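Following: one structure in structure tokens, then a few remarks.
Bear in mind that the values in this text are calculations on the coordinates, not laboratory data. A quick note: this is a predicted structure, and the numbers were derived from the prediction, not measured. Methodologically, a virtual Cβ is constructed for each residue, glycine included, from the backbone with ideal geometry; neighbour enumeration extends over all protein chains shown.
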Amino acid sequence: MPRGRGGIRLGGMSAWFNPARELDALLRQAAASVPALGAGFNPELKPSDPRHADFQANGVLGAAKQAKANPRALATQLLEALRAGGGLDERLVQVEVAGPGFINFKLTPAALGAWLREYRDESRWRAGAARLMGGRKVVIDYPSPNTAKQMHVGHLRPIVIGEAVARLIEFCGADLVRDNHIGDWGTNFGVLILAIRRAGFQLDAKSPTALEDLERLYKEGSAATKADPALMDAARAELAKLQSGDLANSALWKQIVEVSNAACQRSYDQFGLKTDVILGESFYRDKVDQVYAELAKHGLAEESEGALVVWHDEEPRFSRDAETKMPFIVRKKDGSSNYASTDLATLLYRAEHLKADEIVYVTDGRQQDHFHQLFLTGAKWFKASGRQLPRLRHVWFGTILGEDGKAIKTKSGDPVRLQELIDEAAAKAFEAVSAKSPDLPEAERRAIARAVGVGALRYADLSSNRTMDYTFSWSKLLAFEGNTAPYLMYAGVRVRSIFRKAGLSVGQGEEGADDPVTPAEIALARKLVAFTAALDQSLEELRPHHLCTYLHELASAYGAFYAADSVIVDDPAVKARRLMLCARTSAVLECGLRLLGIEPLERM
RNA sequence: GUUCCCGUAGUUCAACGGAUAGAACAUUGGUUUCCUAAACCGAGGAUGUGGGUUCGAUUCCCGCCGGGGACACCA
């Protein structure tokens, strides 16, 4: 993400969409004329603790050390150069040298007011954010489940995180393709087919218990093949038959996939998840031969113990000299394809047919080594064959642990089913909404409960850093107070209620609104302008929790404003400017919630 | 054994090398003739451990302790 490339000014309008970017650019310009700093100076501009300022530049401290200069004196020089440059209007931004040599920037009420009047709605923000990823074609790979398993709580994260990351990327201007790369061509099928044969089970895809039956059989098969290596070989043989076109296995495979996809779709519907394409591993069945041929041709892959593998000697743990060998196995010794084969074929397809500039893989953290090897192999392969490698990113998340502190797995006991979790959340929310708003019709209370319950689940998962593991807990996932989705949704509902009471629709009644005045108005306005910084930060490493933190702070600032300053008052000027703050809060909050995949409400 | 991730108030989590380590829950004291109290205002309480780098370390490096993951044909 390039910084300091000048700012965007939409159609000659005056306010900066993203003040941090503008200030960064101005500081770099100014530094060029300060001898001790020069053109390569990085101002290290960051959002500041609001007690001090809106933004602070820390870069002078390090530079002063390098130049053996007094940091405060150097900061003062830079500040003078900045003023001389003429790009800074001090009626909008107050600047001062502070502490050991920070440069602090504080937006004045005039700047806050200008921003609020100008960046009114989502279309303006999208236009502003489009500089982040505009014109880029991005493929995102999620939730990519394995087939023939019931959805349990472990499936929550790829759905929820994947959707939030996808929406964020799309919001920032990318042309996005959501590709559900389902795992439908692996050894798990061999295991399952073997188990079905051994049990003499007749699969009926239309049976309501079909998925449960499959899951039970898979568990049996999994236990059996684990206990007996001969059975594992038999399972692999079933897969090899499938992959080479055996009619009976292919027919069975088709039925299993059908049952599995229908069940997954029912879960996706409840999360509002829509994928653009479903190109599972089986889609690449006839595209892996090209991968083997090209890797061999360029000398990247070699035979080892009968398998075709790629070593990466520059990475000690993937090198052929490693103590425990961890090659990237691209073809098994029985000739079957595996995860690596199909992922390489998928990479090529996305680059050549989908024209991806960037590919984002959303999976759990246990696959880090796999993706590291995939990316290394992809880079060498594309370079050797003269292709342009898309930017590859592994957006991984931590594991949901069971009560025993171990990862929740289908095989170890019975983890909570996803449907059970959703139903429980909705039931609890229904109880709450019925207690607090008994006058609403039952149908509406049901709909609200659904939105609140699912929203709470999603937010609980998104609000902490995705790389953290967490232990499954009903109370954590079903919390409705504090830093939760219902808190944010409630703040939004209170804004909408004001407009209803005033007989206006959101956005009306703010004509001629002036700059914020009271402390609560100013604090809220500063928070609203900080939306751009929150977007930047979330997008940078694709971590939605930054957006969650921001939205919670915004809702909290609104809560304080709501308690301190009445909106519907007699003074038309006061009313107009507070209505403007309400409208902006509503819009930012709802836009932010939607980015997280949470549907805002009119009332609750 | 090799390697990756993690360790912050009683609990669940923030902090992109910077100022007095922020929140939420729980505990505790207050706020409602007034726009939804699912709210607001206040109080107490924390960086596993030992070194190092740095003007400055929760953050970077090394050791130790503790938890989890991966490691030859699962995905």
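Each Lys and Arg contributes +1 and each Asp and Glu -1, all at the Cβ; summed about the Cα centre of region A:137-397, the dipole is approximately 180 debye. Stretched out straight at 0.36 nm per residue, the stretch from A:LEU401 to A:ARG91 would grow longer than its current Cα-Cα span by 106.3 nm. In region A:10-107, the inverse of the mean reciprocal separation of distinct Cα atoms equals 13.4 Å; this is its Kirkwood hydrodynamic radius.
Using only alpha carbons, region A:137-397 has a radius of gyration to Kirkwood radius ratio (Rg to Rh) of 0.96. Normalised by residue count, chain A yields a Cα convex hull volume of 187 Å³ per residue. In plain terms, the bigger the Kirkwood radius, the slower the diffusion; for region A:71-119, with that radius from Cα pairs, at 10 °C and 1.306 mPa s, Stokes-Einstein puts D at 135 µm²/s. Taking one quarter of the surface of the convex hull spanned by the alpha-carbon atoms of region A:342-464 gives a direction-averaged projected area of 11.5 nm². Applying Stokes-Einstein at 4 °C and 1.567 mPa s to the Kirkwood radius of region A:191-230, computed over alpha-carbon pairs, gives a translational diffusion coefficient of 125 µm² s⁻¹.
If R0 equals 45 Å, the separation of the Cβ atoms of A:ARG594 and A:LYS68 corresponds to a calculated FRET efficiency of about 0.30. Using the structure shown, list the pairs from A:LYS137/A:LYS383; A:LYS137/A:LYS254; A:LYS149/A:LYS254 with a Cα-Cα distance above 23 Å, or answer none. Pairs exceeding the cut-off: A:LYS137/A:LYS254.
Compute the FRET efficiency between A:ASP334 and A:HIS52 as 1/(1 + (r/R0)^6), taking r as their Cβ-Cβ distance and R0 = 56 Å, and round to the nearest 0.05.
0.30
Each residue, A:GLN419 and A:ASP175, gets one label point 7 Å from its Cα in the Cβ direction; the gap between the two is 4.0 nm. Expressed as a fraction of 2.2 N^0.38 Å, the C-alpha radius of gyration for region A:418-595 is 1.11. Cross-link partners of A:LYS527 among aspartates and glutamates, defined as those whose alpha carbon lies under 16 angstrom from its own and excluding same-chain residues fewer than eight positions apart: A:ASP49, A:ASP54, A:GLU118, A:ASP121, A:ASP515, A:ASP536, A:GLU553, A:GLU590.
Taking the average, over residues, of other Cβ atoms within 10 Å as the packing measure, peptides A:441-453, A:484-496 rank A:484-496, A:441-453 from highest down. Note that region A:205-308, at 37 °C in a medium of 0.692 mPa s, gets a Stokes-Einstein diffusion coefficient of 195 µm²/s from its Kirkwood radius over C-alpha pairs.
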